[in-house]
1. Only one residue in ASP118, ASP122, ASP40 is under 23 Å from THR25 (Cα atoms), surrounded by fewer than 21 Cβ atoms within 10 Å (Cβ to Cβ) and out of contact with any Phe, Trp or Tyr (no Cβ under 7 Å at 6 or more places or on another chain). Which one?
2. Give just the number: which of (1) in a loop (DSSP other than H, G, I, E, B); (2) crowded, with 24+ Cβ neighbours inside 10 Å does VAL110 not satisfy?
3. Among (1) surrounded by fewer than 18 Cβ atoms within 10 Å (Cβ to Cβ); (2) among the polar types (S, T, N, Q); (3) modelled with pLDDT of 95 or more, where does ASN23 come up short?
4. Among the residues of the stretch 152-163, is any surrounded by fewer than 23 Cβ atoms within 10 Å (Cβ to Cβ) and closer than 21 Å to THR10 by Cβ?
5. Looking at (1) at pLDDT 95 or above; (2) within 20 Å of the chain's Cα centre (by Cα); (3) within 16 Å of the ligand (Cβ to nearest atom), which one does ALA109 not meet, given that it meets all the others?
6. Can you find a residue that is at pLDDT below 95 and buried (at least 16 other Cβ atoms within 10 Å of the Cβ) anywhere in the stretch 97-104?
7. For the stretch 55-112, give me the residue count where each residue is more than 18 Å from GLN184 (Cα to Cα) and in contact (Cβ under 8 Å) with a residue 60 or more places away in the chain.
Amino acid sequence: MSFEQLGLSTDLLRAISDQGYVNPTPIQEQAIPVILEGKDVMGGAQTGTGKTASFTLPMLQRLQIHANTSMSPAKHPVRALILVPTRELAMQVHDSVKTYSKYSALRSAVVYGGVSIDTQIDIVRSGVEILVATPGRLLDHIQQKTLTLAKVEVLILDEADRMLDMGFLPDIKQIIQLLPEHRQNLMFSATFSPEIKKLANKLLQNPVLIEVAKQNSVSELITHVVYPIESSKKQELLIHLIQRENLQQVLVFTRTKHGADRLAQRLKRHEITSEAIHGDRNQLQRTQALDNFKQGLIRVLVATDVAARGLDIEELSHVINFELPNNPEDYVHRIGRTGRAGAKGLAISLVSKEENNLLIEIEKLLGIKIKTEQIDGFELKETRIHDSRKSTISEEQRNKRGGLSKQSKKPHSFVKHSEKVVHFNKEVMTRNAKRGDNKVDDPLFTQPYISKYADVNALIEESSGLNKKNTHRQISKRPVPALFISPAINKQKKSEAS
Ligand code: AMP
């Protein structure tokens with residue numbers, strides 16, 4: 001199928017062609033016609049499937065009737081709101097919006113936290129039809145009356161599962177209250193937990209369900225390998241691997257922000273250029289670290305899952321899990337950075353005994369037993385219970401075999417199994433249900449996102465200018481726990497239920 005057959009306008013086709021895209025990806029093929037018809041969509045797709053274009057292109061086409069060149073901000077109200085979990089993803093999605101709307105007069109902007117709000121205020125006040133935003137910063141703008149959402153026609157939640165994981169649910173609920181009732185809703189998520197299904201049920205009207213797995217040609221090229229190692233020797237082993245294989249561009253994942261910082265420092269002391277990217281680093285530092293890595297100025301980017309989510313780093317040959325993620329789905333997200341665009345990829349995990357259970361969960365999700373190997377000087381006597389496929393490889397043997405990437409003669413493919421991640425399937429849902437309340441146990445989320453906006457009614461009144469006098473008392477600055485449901489919403493839910 002070609003893009004022309006999807007019913008897209010000439011301007012959009014031109015923008016697509018400028019990008020060098022020849023054919024739509026599976027999610028684009030399925031989602032574009034449905035979104036053009038104005039239907040709600042629940043999309044199961046990960047980064048790397050072309051999902052951003054799948055919602056951006058039809059959204060731009062539907063909004064084209066509003067395109068105008070007036071200088072008046074009133075002529076450019078927000079018509080499409082795209083909510084995303086992280087700043088990096090916000091920037092990437094906005095880049096896509098700009099790319100595909102380059103031949104249109106529609107205006108767009110991006111707002112996210114961690115940077116000064118002032119510049120954003122000026123841009124947003126001048127009027128934009130398409131707004132990409134992280135939920136917290138969007139509410140800041142609403143409180144400051146920088147913008148109103150009264151004219152929104154399309155709401156898009158991108159990486160909805162991650163937004164819930166990060167504790168954005170209260171903010172999302174508040175934002176939804178500020179939108180017109182009649183609108184199109186599009187929700188994209190890599191996984192379908194019961195929480196996601198609940199949100200989808202509340203938000204979407206007769207949605208069309210569209211699910212795609214990552215493209216097979218990409219995923220088949222990834223080889224997985226596990227090195228059992230004591231926690232205390234992980235840094236040493238990592239340095240050994242990087243130096244011996246002369247790795248020039250490697251993404252390393254840690255579970256905690258401090259861990260990422262410590263590791264980046266240690267690598268630097270061994271003259272391996274590296275930087276850490278995580279939620280505590282400001283926007284400039286994160287963007288700079290990513291640019292340096294992409295340009296090859298640093299060899300190692302040490303990242304936490306949250307910071308790395310959505311990063312579009314292409315042609316990465318190695319991803320190393322310095323620590324396994326608590327959620328097996330994050331393993332799939334992590335290694336999705338490699339094996340892209342037809343390039344071969346190697347996903348290495350350094351696994352301590354304490355992480356064995358996490359490894360088992362990951363193997364269950366992928367449906368494979370990951371090959372376990374050891375390196376001379378870094379052996380762990382007792383590796384895994386029931387692991388019969390352990391092999392110790394000496395330096396000599398390794399050299400004969402031509403280095404790391406040839407260790408697994410028959411690369412394991414996780415293609416078929418990655419489909420499990422995106423399908424409504426019992427196994428994944430049961431696991432998610434079991435995981436349920438554990439989110440706060442994840443070291444990544446020990447400091448969950450805390451909504452500043454506890455009182456939805458106050459915010460609605462405030463943003464519509466109805467309650468100017470009582471502003472300070474009405475808007476609660478009291479921190480609320482993540483996943484807090486405001487009394488107003490609870491009340492509404494109860495009355496809905498009764
Ligand atoms: P996404 O899943 O939206 O993060 O997109 C992943 C990458 O695929 C981005 O670098 C896009 O520019 C690229 N892409 C999106 N659609 C297509 C297409 N139809 N053909 C080739 N590349 C595409």
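The values are calculated or read from the model by the stated rules, or taken from the named source; none is laboratory data. Values in this document were obtained by computation on a predicted structure and should not be read as measured data. Reconstructed Cβ throughout: ideal geometry from the backbone, glycine too, with neighbour counts over all protein chains shown.
1. Result: ASP40 is the single residue among ASP118, ASP122, ASP40 that is under 23 Å from THR25 (Cα atoms), surrounded by fewer than 21 Cβ atoms within 10 Å (Cβ to Cβ) and out of contact with any Phe, Trp or Tyr (no Cβ under 7 Å at 6 or more places or on another chain).
2. (1)
3. Evaluating ASN23 over (1) surrounded by fewer than 18 Cβ atoms within 10 Å (Cβ to Cβ); (2) among the polar types (S, T, N, Q); (3) modelled with pLDDT of 95 or more leaves (3) as the failure.
4. Checked the stretch 152-163: no residue is surrounded by fewer than 23 Cβ atoms within 10 Å (Cβ to Cβ) and closer than 21 Å to THR10 by Cβ.
5. (3)
6. Taking every residue of the stretch 97-104 in turn, none turns out to be at pLDDT below 95 and buried (at least 16 other Cβ atoms within 10 Å of the Cβ).
7. 16
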